[in-house]
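These notes are about the structure you will find just below.
The values are calculated or read from the model by the stated rules, or taken from the named source; none is laboratory data. Since we're looking at a predicted model, the values are computed, not measured. Note: ideal-geometry Cβ built from the backbone for every residue, glycine included; neighbour counts use all protein chains shown. For the accessible areas, the whole protein counts, side chains as well, though only heavy atoms, and no ligand, DNA or RNA atoms are used. Shrake-Rupley method; radii C 1.70, N 1.55, O 1.52, S 1.80 Å.
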Amino acid sequence: MIKRPQPDEYPAYAAAYVAKVPEGPIMEILEYLKESTYNFFSRMTDEQADYSYADGKWTVKQVLGHMIDTERLFSFRALCFSRREQQEMPGFDQDDYVKYSTYENRSIQSLAMEFKLLREVNIFLYESLTEEQGLLKGIANKNPVSVRALVYMTAGHELYHLDLIKEKYIK
């Protein structure tokens with residue numbers, strides 16, 4: 001079982017993500033979010049998903065693509081640190097990742113399915129972790145972070161963006 005990380009296990013910016021994760025077994029939360037997030041996005045039309053609430057802001061497709069990219073990076077870091085990788089992991093510029101992506105050329109249903117499948121794969125990884133592996137730390141973006149913090153950050157980041165979409169994009 002992966003327990004909630006302590007504040008010294010993640011960078012200050014991630015505290016808001018970890019705080020968004022409700023109490024309860026994180027694997028059940030990730031499983032629930034896999035389905036609910038997939039359903040939320042897959043029911044949209046491409047017209048809805050191409051919407052941006054202001055000039056210079058991402059479209060819904062780009063937000064979902066960013067969620068996919070971030071989950072992929074967090075899970076890669078979790079894999080590396082759980083295997084005692086000593087190399088520091090680089091940060092990433094989320095704006096460049098979106099700028100150089102092709103999310104706008106894909107359907108929202110395609111992106112929703114990619115999200116769901118990525119989460120399914122990551123659940124297998126996270127379920128295989130021992131308690132000891134969850135406590136292992138590495139350096140990512142110049143900050144120490146534990147494996148279990150990355151699992152919680154994954155869920156919290158998703159919840160953060162779902163709240164943002166519901167607040168700013170859905171009318």
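With a 1.4 Å probe and every protein chain left in place, tell me how much accessible area residue 96 has, in Å² to the nearest 10. Counting only protein heavy atoms, the figure is 60 Å². Taking a straight Cα-Cα cut-off under 22 Å and skipping sequence neighbours fewer than 8 places away in the same chain, the lysines within cross-link reach of residue 99 are 57, 61, 168.
Computed with a 1.4 Å probe over protein heavy atoms only, the accessible surface of the chain comes to 53 Å² per residue.
Computed from Cα atoms, the angle from the helix 26-42 axis to the main principal axis of the chain rounds to 10 degrees.
Rounded to the nearest 500, what is the chain's calculated 222 nm mean residue ellipticity when only DSSP H runs of at least 4 contribute -39500 (n - 2.57) each, over all residues?
Value at 222 nm, helices only: -19500 deg cm²/dmol.
What's the angle, to the nearest 10 degrees (0 to 90), between helix 108-128's Cα axis and the longest principal axis of the chain? Roughly 10 degrees, rounded to the nearest 10. What nm value, rounded to one decimal, do you get for the distance between residue 101 and residue 43 when each label is placed 7 Å out toward the C-beta? Inter-label distance under the simple model: 2.2 nm.
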